[in-house]
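Student: If you scroll down you'll find the structure; I have some questions about it.
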Amino acid sequence: MTGALSGRFEGMLSSRGLRLVAQYAAVVLAALVVNFALPRLAPGDPIDYLVPPEQGSVDEAMRQSMLERFDLDGSASQQFTSYLANLAQGDLGISVRDGRPVSEVVAQRLWWSVLLVGTAVAVSTILGVALGFTAGWRRGSRRDVSLLAAVLALDALPAFFVGLLLLLVFSVHLEWLPVYGAVSPEALTGWAWIVDTAKRLVMPAVTLTFVGLGSVFVVARSAMVSELSEDYVFMARAKGLSDRRVRRHAARNAMVPVSTVALLGFSTLVGAATVVESVFSYPGLGSLAFDAVRARDYPVLQAVFLLLSLIAIAANLSADLLYPILDPRVRRAGSR
Amino acid sequence: MLRHRITILALILSMFSVALAPLAAAHQDDGDPVVVRVGLHAAEKNLNPFIVPQALPITHDFTMLVYDTLFWSQSRLDPEPWLATGADPSDDFRTWTVTLRDGVLWHDGERFDASDVAFTFRYFAEDGGPGRYGHHVYDHPVFESATVVDDLTVELVFEDPVPTFKLLPGGDLPILPEHIWASVENPRADATSLPVGTGPFTMVEYNPGVSYRLEANPDYFLGRPTVDTLIMPVVTDAQAAFAGLQTGELDFVTRNLPAPLVPRVEENPELAVVTGSRMQSLYLMFNTRKPHLRDPAVRKAMSLSLDVQAIVDIVEGGLGRPGNDTWTHPDSPWAHQHGGHVFDPGVAATMLNDAGYLFGDGDVRRNADGDPLAFTLLVNAAAPPQIRAGELVAEQLSVMGIDITVEPLDPPAITAARRPSPDGPPTVDMFIAVFESHAHADPDHLFFFFHTPGRGVGGIFSGYANPEFDAVLDSALGAPIDEKLSLIAQAQEIFAEAAPAVVLYYPDGRWGYRPGAYDGWISDPGHGVFTKRSFLEPDAAGSTVPEAVEDAAAEQAPEADDPEPDTAEAPAEQPEAEPASSEASEEASDEADGESAAEPSATDDSEPAASTPDQAASAGAPEAADEGGSSTGALIAIAAGVFVALVIAPAAARRRRRAGTVED
């Protein structure tokens, strides 16, 4: 059984694998170009940040020598080639704001983002699937309608608003949770550090969870609803299977579209994290990108955008790869 | 029976916590370090004075916690000696002989001397490049040479006469340690290493974009600072920052308290508002290189059409002063004696008619060629007051037949529109921005910003060109202070008539803080309260305490009678303070229909207890682990008491009642 399955899987890889790799390589390349171009299309440049007009004038020679340090002198095409060449060597350049290597700047923020977004994706997926399946199981019931209304209402609220509301309730009124940051500015160690850090994670993660919850819920619900109208469910019911068994069968099939949405949600949430991170002063990639935009810090923006694109592409790829595993029909179509 | 037993248990628990709480508070008394948590509203890099980004509002005062200037401060006509003990000019005001304080140490233990001062001036002028501090050494006045006369005397020579040397650059330029910077090739490169200065605080930790930690410099030449540790997280979101102030996570927020929040902070017994002048202005700048705006009559007519009093009333709730046509902040020593703004739409209409801008068949005035008076006004999208002010300007000018489109943009986009390109003038029509004290206190600020392009930053800042105005400013540059004052006043009169810019209002400086944590905030005009003076003993600078430094602490409500910063007693003074949780518990206990007298009294008892350790924690030291332990113990005890009183007791009561009904 397993042998046959893996054989079929390999067959699929050989026929589709190359095409897949080529496709993704093209996407990565396109992402590189866009990531390079986007920051430069916005009005203003790093010099506006480095020497504001109130502080002095900058002539062309001075300008070039200042930009040279960041590899931002020369024409756009020159900059792009040197960007690609440096990138190939793992060199992300130097931050205009910080004067530090971008890799260092990003590394400092990356893990907070992973923690925050990872938590939010996990919680919103689990919660969204559980609620969505529950709602879809008895479509039109009072439970379904109220869940649908509640989740959609929550989904319609902008993240910064939810964040501020949580802040008001849980920090200002109840005084349960700290207001800002990922770690206490005071030197905590050991258990106290873990507790404090976990507390500081709660509100941003909950806010971000709400951002992701809606789409997972809606897809899970409609997937459940459409599975329940399938013949096999009718058959199962006719055979007299218990509700629990029927639900398990339907749920397994309904997971296919849900997995895609959950994985794509990863990239959505990384983007939404920008807002959430600035509300809670959370030092993740989102707030880094926000600050970098305001300084027109091209090297940092390129790096953050690249990372976000890679995350989105990886999520897509995993969805692509996961699909045939979850759904035998796709597997068969692939090996045909 | 069971219910009573539980209530008694709750009572005992809360009494236990009452007993514990003073214990936790008592820990504060034994000379514990004073820790103040300051919420910064923007990241300030590592205070490298060669890269001061976007002239962030508090950068100078933050920088001056770590560094010192020769004199303090530039906002007064006669600044007091700081690192210097005095400075004497030559007859032509080109050479200044500066004598320095003896026995000053750098944070790393090296001795400060005249060669550091000579080095600083040379380094800023020759290697620094353009920047916030440098342009006062190479732009005007132009630095020529520095000679070390002896260990504590340095002779500084400038190319032009600088009668105001003590103010600028003397009161502005941070003095740098030669032994550190001499080997730095590119002073702009480093934005992360910890600065070494002579200032009252040593920066011991900098987490880029996240937080700072400063410790008192015990050897500070004006005495040990009154605060031992400054913990400064960057809290960029305004709501979060003020929430942090309310919860006690922050003791001071550098962001100006928004007008709508003032009553809320004043109502809170744990918070207070301190006011002070930062000499800020919110102004409307015209690009005088653009058609129509080139015409002084058009600009003056717009100025006459603006009801600036209405703007400050609406935007700031009246917490500010209306703008003066003479530009300079009224608190600045350089302000015109008779500032004021003329609001006269009638005259404005006549001026526009005379200039040939007439109403045709539409609502917008046009000149003879049919060109409409239509402009785009750029405002900072991240600054609500600027957006509101911009909309009011548009509204007030539309009545006059001038069409203004307000466009909120992010700051770099505005900067880009303001900067002249190699091929021509900037594209912006007009913009609203905020100026900080330095720009108003500078004796040559009109020269810098409004002199005909060529020298100074005027070229890229306003582009305003007026030979008559230039002549007055040129002669003011080298004039002795008395003469300079009258020349600057003369220039301001020309300015008021020509209106290259209009100050809409001068915002009041006001900040929220927790007196329980630190109550020594002092307003130093031009600096606000987040400035080094707030952390020094009032008479630290010797006998020369200027009258202008007011004790801002006198303005607060509950602690007004206690000007001494006293962290230990503050929490004990306000036992009435009700934290939100105890209010909630009271309501909850009402709901639980506790008819026996024991229950409400249990919650009443826990009330002061709950407030005291809470405040103690916010007032005290974070590092003392034992104290943390005991106050945590008290909190746990309270929590347990409240839990028993609120959850178990009513539940038990309900069970009993239900059981009772069955029995019945």
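The values are calculated or read from the model by the stated rules, or taken from the named source; none is laboratory data. In this text, all values refer to a predicted model and were calculated from it rather than measured experimentally. With ideal geometry, Cβ positions are generated from the backbone for all residues, glycine too; neighbour counts draw on all protein chains shown. Ligands, DNA and RNA are stripped out before the accessible areas are found, and what is left, the full protein with its side chains, is counted by its heavy atoms. Shrake-Rupley method; radii C 1.70, N 1.55, O 1.52, S 1.80 Å.
Student: Checking the conditions here, which among A:L148, A:L166, A:L152 is in contact (Cβ under 8 Å) with a residue 40 or more places away in the chain, surrounded by fewer than 16 Cβ atoms within 10 Å (Cβ to Cβ) and not polar (S, T, N, Q)?
Tutor: From the options A:L148, A:L166, A:L152, the qualifying one is A:L152.
Student: Next question. Would you call A:A251 surrounded by fewer than 17 Cβ atoms within 10 Å (Cβ to Cβ) and among the aliphatic types (A, V, I, L, M)?
Tutor: no
Student: Within the group B:D410, B:D423, which residue is more than 12 Å from B:L377 (Cβ to Cβ), open to solvent by 40 Å² or more (accessible area, probe 1.4 Å) and touching a Lys or Arg at 6+ places or on another chain (Cβ under 9 Å)?
Tutor: Within the list B:D410, B:D423, the selection yields B:D410.
Student: Go through (1) in a helix (DSSP H, G or I); (2) farther than 23 Å from B:D91 by Cα; (3) open to solvent by less than 10 Å² (accessible area, probe 1.4 Å); (4) modelled with pLDDT under 95 for B:D470 and report which single condition fails.
Tutor: Evaluating B:D470 over (1) in a helix (DSSP H, G or I); (2) farther than 23 Å from B:D91 by Cα; (3) open to solvent by less than 10 Å² (accessible area, probe 1.4 Å); (4) modelled with pLDDT under 95 leaves (3) as the failure.
Student: Considering the range A:97-112 alone, what residues qualify as being over 16 Å from A:M66 (Cα atoms), more than 19 Å from the chain's Cα centre (by Cα) and facing chain B (nearest Cβ under 8 Å)?
Tutor: A:V105
Student: Yes or no: the range B:55-63 includes at least one residue that is modelled with pLDDT under 90 and among the aromatic types (F, W, Y).
Tutor: Scanning the range B:55-63, I find no residue that is modelled with pLDDT under 90 and among the aromatic types (F, W, Y), so the answer is no.
Student: Continuing with the same structure: Out of the range B:196-213, which residues are open to solvent by less than 10 Å² (accessible area, probe 1.4 Å) and either farther than 15 Å from B:A43 by Cα or of a type in the set (K, R) (or both)?
Tutor: Those that are open to solvent by less than 10 Å² (accessible area, probe 1.4 Å) and either farther than 15 Å from B:A43 by Cα or of a type in the set (K, R) (or both): B:G197, B:T198, B:G199, B:P200, B:F201.
Student: Quick one: what pairs do we get from the range A:108-124, first residue on the phi < 0 side of the Ramachandran plot and assigned to a helix (DSSP H, G or I), second surrounded by 18 or more Cβ atoms within 10 Å (Cβ to Cβ) and acidic (D, E), C-beta under 9 Å, 6+ apart or different chains?
Tutor: If the second residue must be surrounded by 18 or more Cβ atoms within 10 Å (Cβ to Cβ) and acidic (D, E), the pairs left are A:W112/A:E277; A:S113/A:E277; A:L116/A:E277.
Student: Considering the range A:151-187 alone, what residues qualify as being at the interface with another protein chain (Cβ under 8 Å from one of its Cβ atoms) and either assigned to a helix (DSSP H, G or I) or farther than 18 Å from A:R200 by Cβ (or both)?
Tutor: The answer is A:L164, A:L167, A:L168, A:S171, A:V172, A:H173.
Student: So, of the residues in the range A:59-85 that are out of contact with any Asp or Glu (no Cβ under 9 Å at 6 or more places or on another chain) and aliphatic (A, V, I, L, M), which turns out to be nearest to the other protein chains (Cβ to nearest Cβ)?
Tutor: Here the answer is A:M62.
Student: For the range A:207-261, name all the residues that are in contact (Cβ under 8 Å) with a residue 12 or more places away in the chain and touching a His at 6+ places or on another chain (Cβ under 9 Å).
Tutor: Of everything in the range A:207-261, those that are in contact (Cβ under 8 Å) with a residue 12 or more places away in the chain and touching a His at 6+ places or on another chain (Cβ under 9 Å) turn out to be A:E227, A:Y232, A:V233, A:A236.
Student: Under the condition of being outside any loop (DSSP other than H, G, I, E, B) and acidic (D, E), which residue from the range B:102-144 is nearest to the other protein chains (Cβ to nearest Cβ)?
Tutor: For the range B:102-144, the residue satisfying everything is B:E126.
Student: Applying the selection to the range B:284-303, what residues are closer than 23 Å to B:F435 by Cβ, open to solvent by 30 Å² or more (accessible area, probe 1.4 Å) and either of a type in the set (D, E) or not in a loop (DSSP other than H, G, I, E, B) (or both)?
Tutor: B:P296
Student: Could you check how many residues of the range B:45-85 are open to solvent by 20 Å² or more (accessible area, probe 1.4 Å), away from every other protein chain (no Cβ under 14 Å) and of a type outside the set (D, E)?
Tutor: Summing the residues that are open to solvent by 20 Å² or more (accessible area, probe 1.4 Å), away from every other protein chain (no Cβ under 14 Å) and of a type outside the set (D, E) in the range B:45-85 gives 4.
Student: May I pose another question? Out of the range B:226-271, which residues are away from every other protein chain (no Cβ under 13 Å), open to solvent by 10 Å² or more (accessible area, probe 1.4 Å) and farther than 23 Å from B:P384 by Cβ?
Tutor: B:T226, B:D228, B:P269
Student: Something else about it: For B:A382, state whether it is of a type in the set (G, A, S), surrounded by fewer than 23 Cβ atoms within 10 Å (Cβ to Cβ) and modelled with pLDDT of 95 or more.
Tutor: Spelling it out, it is not the case that B:A382 is of a type in the set (G, A, S), surrounded by fewer than 23 Cβ atoms within 10 Å (Cβ to Cβ) and modelled with pLDDT of 95 or more.
Student: May I pose another question? Would you say B:F431 is open to solvent by less than 10 Å² (accessible area, probe 1.4 Å) and either of a type in the set (D, E) or assigned to a helix (DSSP H, G or I) (or both)?
Tutor: Criteria not met by B:F431.
Student: Mind listing just one residue for me: the one in the range B:272-283 that is open to solvent by less than 10 Å² (accessible area, probe 1.4 Å) and not aromatic (F, W, Y) and, of those, farthest from the other protein chains (Cβ to nearest Cβ)?
Tutor: B:V274
Student: Yes or no: B:P187 within 28 Å of A:S95 (Cβ to Cβ), of a type outside the set (A, V, I, L, M, F, W, C) and away from chain A (no Cβ under 14 Å)?
Tutor: No.
Student: Quick one: which of A:G118, A:G90, A:G128, A:G140 is within 25 Å of the chain's Cα centre (by Cα) and open to solvent by 40 Å² or more (accessible area, probe 1.4 Å)?
Tutor: Criteria check complete, one pass: A:G90.
Student: Give me the residue from the range B:415-434 that is within 25 Å of the chain's Cα centre (by Cα) and within 19 Å of B:L504 (Cα to Cα) and, out of that set, farthest from the other protein chains (Cβ to nearest Cβ).
Tutor: Applying the filter and picking the extreme gives B:I432.
Student: If A:S281 satisfies every condition in (1) assigned to a helix (DSSP H, G or I); (2) buried (at least 19 other Cβ atoms within 10 Å of the Cβ) but one, which is the exception?
Tutor: (1) is the only condition that A:S281 fails.
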